[in-house]
Amino acid sequence: MWGLKAGHSFATLVAIGVAAAGIVGLIGSGAAMGAPRFKPPPINKNVTISNGGLSVTFNIAWGAVVVGISNKNIAHGLNMVDYHDVGRELQVDQFVYWNKPGRQPLLVNPTQAGAEGYQGYYKHPHGIAIRQKGSPVVRWKAGRHHFFAVIRPWDYDTGNPTDWIYTESVNIDRHGVAHFQYVFRRHGHGTFRMNTEIPTLYSDRTDAFMYPTLNPYVHNAASRRCAKTGHWPVRRIGRTPRWGSIHTVSKGWIANIDSVNNIGIFYTTPVGLPEMMGCFPGAGVSDHLPLGKTNVAGMYLLCRPREVYSVRFAVLVATPQTGPGLISRQAPAQLRINGKIWHRH
């Protein structure tokens, strides 16, 4: 979303994100770190898959959202994914608007993890914020290396049901790379404009971001990567820039970095789509500041009834030194609409 989370298929344009938290105004720095505003999901609803190195943890109470990604061989298995409210984590979501000229009022904000309902731009009829609640999981199954779930996402702002169905499928390969596929489908009527994050990752402890300056999936990039070190095409942004201060276009992957512990979460992104990165330094948004966020978004899409959106991408945990080369060897991420690869026009 704009702001770091069954039998049917999942219409994707994943906002693997937790957008809602980003739109919300930052809480004052006086908030006590010992008393976080947001409670984490119930730990007894966590489900973990692993290949013995990489582990991915989902929470069934919060729409099967990804609350943890770690590698026991990197930084002693440290998890950087934030899990302190339903607007963050690593998840998908959409912002759906009226398809009319001029101002585009937000109609609905389906969010994988669930609903918070307190955002500043949303005015409850009685001035009351709803209680945080997780999106229902219709069904799910998990093996040692694979996880699958079908989710009915809540509207983040009102806590009402939406006419969307999400499916989430994750598989960890023998090399310790997690391969994600989200599918989104809307069963309602009417045609709307939509922004979707594909995906969004919120991670605490983030003090830097990393991304390629050249598309790693073209011949020129491959040649230069062989000729130089794994850092040759990479730009690193440090000093915890505020959210939204860095805007660029996806070249194929992005990473949230924790320099103190020498660890990063790297994930592939559809080439050519707008991407953003930054941090939320205010107290009250995480108990492990600074909270960092990265996302790639499909903007101003025309959302028609029963269209199927899907996104595929890969995620791995590595050091900042080895990560660029490892993630560049993964297949490129793809956003598809009705089975056809979508390109920004």
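Each value in this text was obtained by applying a stated rule to the coordinates, not by laboratory testing. All values derive from a computational prediction rather than experimental measurement. Quick reminder, even Gly has a Cβ in these numbers, built from the backbone with ideal geometry, and neighbours come from all protein chains shown.
Summary table below
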{"item": "Estimated vicinal HN-Hα couplings, Hz - the stretch 275-281 in sequence order (Karplus 6.51, -1.76, 1.60; Gly, Pro = x)", "result": "10, 9, 8, x, 10, 10, x"}
{"item": "Likely footprinting exposure, ILE49, ILE257, fewest C-beta neighbours within 10 Å first", "result": "ILE49, ILE257"}
{"item": "Cα shape, the stretch 20-341, gyration tensor, a/c 1.5 rule", "result": "rounded"}
{"item": "Built amide H within the under 5 Å cut-off of VAL308, gap 5+", "result": "ASN338"}
{"item": "Tensor-based shape of the stretch 267-345 (alpha-carbon gyration tensor, a/c under 1.5 rounded, otherwise prolate or oblate)", "result": "oblate"}
{"item": "Net charge of neighbours whose Cβ lies under 15 Å from the Cβ of GLY238, counting Lys and Arg as +1 and Asp and Glu as -1", "result": "+3"}
{"item": "Cα shape, the stretch 193-345, gyration tensor, a/c 1.5 rule", "result": "oblate"}
{"item": "HN-Hα J in Hz across the stretch 238-254 - Karplus 6.51, -1.76, 1.60, θ = phi - 60°, x for Gly and Pro", "result": "x, 6, 6, x, 5, 4, x, 7, 10, 10, 7, 10, 4, 9, x, 7, 8"}
{"item": "Karplus-derived 3J(HN,Hα), 6.51/-1.76/1.60, for each residue of the stretch 299-313, Hz, glycine and proline x", "result": "9, 6, 6, 8, 9, 9, x, 6, 5, 10, 10, 9, 9, 10, 7"}
